[in-house]
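Q: Below you'll find the structure I mean.
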Amino acid sequence: DVKVTQSSRYLVKRTGEKVFLECVQDMDHENMFWYRQDPGLGLRLIYFSYDVKMKEKGDIPEGYSVSREKKERFSLILESASTNQTSMYLCASSLRAGTSGGLRTNEQFFGPGTRLTVL
Amino acid sequence: AQSVTQLGSHVSVSEGALVLLRCNYSSSVPPYLFWYVQYPNQGLQLLLKYTSAATLVKGINGFEAEFKKSETSFHLTKPSAHMSDAAEYFCAVSVNTGNQFYFGTGTSLTVIP
């Protein structure tokens, strides 16, 4: 089974702190994603990475950065946390399109989420 | 542009009744479509996916969905609701590049005993 783990289930930080959210997958997936989930808004993509050291902005990258130094690990960084970043953060991974039976897309596997509260 | 619309942010059904969760998509190319389920305090789990093979797709836990191109829909159904089906359900579409998903805003399913 694919396993995607996130470093914390619950996190409480103060405004202005630098926050690191870590995600690790054990299935050698090329793609990794960070989403935030808010009531009524569904999942919104923050950043994704399709290879080591590669990153692409999603729909809401402002206030966030990412790092992917190793294939299995994708980190989300809040440089200076603000209260409007209080949210559930979900990490996901997938095989690169075309690598699984020729499908041009592959399902994403999700971690359990990190519920971040910024005070 | 690709997008997904889930009609009804909250749906309540009686135990044993039909479950119908609606999803409409917008895509300029043939889409791949997914339904995910999220139980409280957990991540998302894949229920089923449509990848241009059979239009009626069967998933886990007795759920199925039918791709209807003419209606741009991919509604999720289950003939008989169980208490354990209470969760949030998300529909997603993938774009032609294959790597990025667009999610709907979710439908919270309540099952009444």
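Q: Considering only residues that are more than 17 Å from A:Ser65 (Cβ to Cβ) and part of a loop (DSSP other than H, G, I, E, B), which ones fall in region A:7-48?
A: Of everything in region A:7-48, those that are more than 17 Å from A:Ser65 (Cβ to Cβ) and part of a loop (DSSP other than H, G, I, E, B) turn out to be A:Ser8, A:Arg9, A:Arg14, A:Thr15, A:Asp26, A:Met27, A:Asp28, A:His29, A:Glu30, A:Pro39, A:Gly40, A:Leu41.
Q: Do we find that B:Gln38 is surrounded by fewer than 16 Cβ atoms within 10 Å (Cβ to Cβ) and among the polar types (S, T, N, Q) in this structure? Break it down into steps so the answer makes sense when it comes.
A: Working: surrounded by fewer than 16 Cβ atoms within 10 Å (Cβ to Cβ): no; among the polar types (S, T, N, Q): yes.
Answer is no for this residue.
Q: While we're here: B:Val13 - would you say it is over 15 Å from the mean Cα position of the chain (by Cα), in a strand (DSSP E or B) and either over 23 Å from A:Leu41 (Cβ atoms) or without any contact (Cβ under 8 Å) to a residue 24 or more places away in the chain (or both)?
A: Here the answer is yes, as B:Val13 does meet what is asked.
Q: Continuing with the same structure: Here are A:Gln25, A:Gln6, A:Gln37: which of them is within 10 Å of chain B (Cβ to nearest Cβ) and touching a Cys at 6+ places or on another chain (Cβ under 9 Å)?
A: A:Gln6
Q: Sort out which residues of region A:80-106 are surrounded by fewer than 21 Cβ atoms within 10 Å (Cβ to Cβ) and either modelled with pLDDT of 95 or more or within 14 Å of A:Asp28 (Cα to Cα) (or both), and write them in order of number.
A: Quick first cut of region A:80-106, residues surrounded by fewer than 21 Cβ atoms within 10 Å (Cβ to Cβ) only: A:80, A:82-88, A:96, A:98-104.
Passing the criteria: A:Ser80, A:Ser82, A:Thr83, A:Asn84, A:Gln85, A:Thr86, A:Ser87, A:Met88, A:Arg96, A:Thr99, A:Ser100.
Q: Can you work out which of the residues in region B:64-113 that are of a type in the set (A, V, I, L, M) and in a loop (DSSP other than H, G, I, E, B) is farthest from A:Leu45 (Cα to Cα)?
A: Of all residues in region B:64-113, those of a type in the set (A, V, I, L, M) come to B:65, B:76, B:81, B:83, B:86-87, B:92-93, B:95, B:109, B:111-112.
Now restrict to residues that are in a loop (DSSP other than H, G, I, E, B): B:81, B:86, B:95.
Working: B:Ala81: 31, B:Ala86: 25, B:Val95: 14 Å.
This residue is B:Ala81.
Q: Something else: Given (1) in contact with a Gly (Cβ under 9 Å, 6 or more places away or on another chain); (2) among the β-branched types (Val, Ile, Thr); (3) away from every other protein chain (no Cβ under 14 Å), where does B:Thr55 come up short, assuming only one miss?
A: All conditions are met except number (1).
Q: Can you confirm whether B:Leu47 is touching a strand residue (DSSP E or B) at 6+ places or on another chain (Cβ under 9 Å) and surrounded by 20 or more Cβ atoms within 10 Å (Cβ to Cβ)?
A: Details: touching a strand residue (DSSP E or B) at 6+ places or on another chain (Cβ under 9 Å): yes; surrounded by 20 or more Cβ atoms within 10 Å (Cβ to Cβ): yes.
So B:Leu47 fits the description; yes.
The values are calculated or read from the model by the stated rules, or taken from the named source; none is laboratory data. All figures in this text were calculated on a predicted structure; none of them were measured in a lab. We place every Cβ from the backbone using ideal geometry, glycine too, and count neighbours over all the protein chains shown.
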